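The values are calculated or read from the model by the stated rules, or taken from the named source; none is laboratory data. What you see is a predicted model; the values in this text were computed from it and never measured. Here the Cβ positions follow ideal geometry from the backbone for every residue, glycine too, while neighbour counts run over all protein chains shown. Accessible surface is based on the protein model in full, side chains and every heavy atom, while ligands, DNA and RNA are left aside. Shrake-Rupley method; radii C 1.70, N 1.55, O 1.52, S 1.80 Å.
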Amino acid sequence: MYKSEYLNRIYESVVKKCPGEKEFINAVEEFLDSMEYLVKVDPSIEKNAILERLVVPERVFQFRVPWMGDDGKIHVNTGYRVQFNSAIGPFKGGIRLDESVNLSIIKFLGFEQIFKNSLTGLPMGGGKGGSDFSPIGKSDNEVMRFCQAFMTELFHFIGPDTDVPAGDLGCGAREIGYLYGMYKKLTKEHTGVLTGKGLSFGGSLARTEATGFGLAYFTSEMLKTYKNDSFKGKKVIVSGCGNVAKHAALKVHELGATVVAMSNIQGYFYDENGLDVYAIKEISDRTINIIEEYTKLYPNTKSGENKHDIWKIKCDIAMPCATQNEINLDDAKELVKNGCMILAEGANMPTELDAIRYLMKNGVIFSPGKASNAGGVAVSGLEMTQNAEHLSWTFEEVDNKLKDIMKSIFNLCYETAKKFNEPENLSLGANVAGFLKVKDAIIREGLV
Ligand code: GLU
């Protein structure tokens, strides 16, 4: 499958060792694609068994999370923390709370996080955690009891200089608060062990907005560099309605674009003349019945249940910000047919591999989540710095640093891709640039 015998060996070993872990295997496959040239010109990679060491997590924890429902019934979920690679800094990555969560998904996300965190330029290793518990439909008290039970296990493995979890799908400010409270009680320590905390107990301004805003800043750089253009007058689809999507929608609107369609678990909704992104933010902050509430406000809004249909709507820029595998090959064909010129991922791996290949082959410039959604973890890194300094910075200070980081991630990916004579291949740029720093650290730290 690969030209390099070494890459084939790595890929086969992962398939053999991780049967059924399709998300993780996909992530490794996509990454190895970008290593083809590098392993040929740099023998130190194979000599030091860098790829062998990269595809195996340093540590994996799996634990039982028993909690009691409001009705007095006992529920049991499974908790995970995958500490994937700490070559360049303490493990860092979110906690996903969703029914779909399994070891494969947490490993895929943790693997991606290694390169994403490296690209930010901040000293953060890669990790990820989560549980097959979904907060949707649970009461506040149930969510609290779950988070407390989860932390009574997780606290053994984490620490401000060891492993610093944060939010992800299903794990927002409320969950981080409950997790942090229990960590503090168990350890008697008020440290920056989680990021995305509330502003009253060590959180950073602009952390909530960071992933969505960062995605918009990154995409602005793409527009400027590749098209000598900006968001002004562009039609944009932002899938999702969660934290990433709503802030991306707000920022691209502020930069002059029209957001024509968005979606949530119930389906998608659109208005060719533009959605009211402020109303969407206000509604989605208080309820999950977004489509119902929004169409009450704007009765001319169209909607549909099949989320794939959102990609049939005409747009210049597509920003998938919901979850993994939301764009398949057929969706990619629709986007190309309708003249979409840029696809920038806000979620983690929302585009399937054959769809990415099709988009790139057909002139759509593609940016992988590990580059374009790195703004969230970047501001998490800034939250860690503020906690260590016992200081908090202003919104403007953090937002300006975020802008600089997104610009430098774009430049790093672009310049790296250019060296391979593939200036539009940001996946290649992101994988190689993210990898090189980690590789250097692994070699210098010796065989550990
Ligand atoms: N879950 C986010 C991500 O996928 C943020 C992680 C963090 O802030 O540590 O990058």
Q: Could you tell me whether Val82 is in contact with a Lys or Arg (Cβ under 6 Å, 6 or more places away or on another chain), of a type in the set (Val, Ile, Thr) and within 30 Å of Ala388 (Cβ to Cβ)?
A: yes
**Q.** Check on Met406, within 17 Å of the chain's Cα centre (by Cα), assigned to a helix (DSSP H, G or I), within 16 Å of the ligand (Cβ to nearest atom) and crowded, with 24+ Cβ neighbours inside 10 Å
**A.** yes
Expected output for segment 244-260 (first residue within 22 Å of Cys171 (Cα to Cα) and of a type outside the set (A, V, I, L, M), partner at pLDDT 95 or above and open to solvent by 30 Å² or more (accessible area, probe 1.4 Å), Cβ below 6 Å, 6+ apart or cross-chain) is Lys246/Lys281; His247/Glu209
Log entry, pairs with first residue in segment 157-179 being over 19 Å from Ile288 (Cβ atoms) and of a type outside the set (Asp, Glu), second being more than 13 Å from the ligand (Cβ to nearest atom) and open to solvent by less than 30 Å² (accessible area, probe 1.4 Å), beta carbons closer than 6 Å, six or more apart or on different chains, reads Gly177/Gly198; Tyr178/Cys147; Leu179/Cys147; Leu179/Met151
Notebook entry, point to check: Are any of the residues in segment 50-64 of a type in the set (Asp, Glu), open to solvent by 70 Å² or more (accessible area, probe 1.4 Å) and without any contact (Cβ under 8 Å) to a residue 12 or more places away in the chain?
Noted result: no
Phe213 vs (1) open to solvent by less than 60 Å² (accessible area, probe 1.4 Å); (2) more than 16 Å from Gly376 (Cβ to Cβ); (3) of a type outside the set (Asp, Glu): all pass except (2)
Scanning segment 247-272 residue by residue, those assigned to a loop (DSSP other than H, G, I, E, B), open to solvent by 20 Å² or more (accessible area, probe 1.4 Å) and out of contact with any Cys (no Cβ under 9 Å at 6 or more places or on another chain) turn out to be Leu255, Gly256, Gln266, Asp271, Glu272
Among helices (runs of 4 or more DSSP H) completely within segment 133-238, the ones holding 2 or more residues that are over 30 Å from Asn425 (Cβ atoms) and away from the ligand (no atom under 15 Å from the Cβ) are 140-154, 173-187
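Hey, does segment 337-346 have a residue that's charged (D, E, K, R) and within 21 Å of Val244 (Cβ to Cβ)?
Within segment 337-346, one or more residues are charged (D, E, K, R) and within 21 Å of Val244 (Cβ to Cβ).
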Over segment 226-242, the set of residues closer than 15 Å to Pro350 by Cβ and out of contact with any strand residue (DSSP E or B) (no Cβ under 7 Å at 6 or more places or on another chain) is Gly242
Before we move on, is Gly79 open to solvent by less than 40 Å² (accessible area, probe 1.4 Å), within 13 Å of the ligand (Cβ to nearest atom) and within 30 Å of Glu445 (Cβ to Cβ)? no
Against the condition under 26 Å from Phe213 (Cα atoms) and free of Cβ contacts under 8 Å to residues at least 60 places away in the same chain, how does Asp440 come out, does it pass?
no
Result of the Cβ filter at 6 Å on segment 357-374, keeping first residues that are within 15 Å of the ligand (Cβ to nearest atom) and partners that are among the β-branched types (Val, Ile, Thr), at least 6 apart or interchain, is Ala371/Ile409; Asn373/Thr211; Ala374/Thr120; Ala374/Ile409
So Val244, is it within 16 Å of the ligand (Cβ to nearest atom), modelled with pLDDT of 95 or more and touching a Cys at 6+ places or on another chain (Cβ under 7 Å) | yes
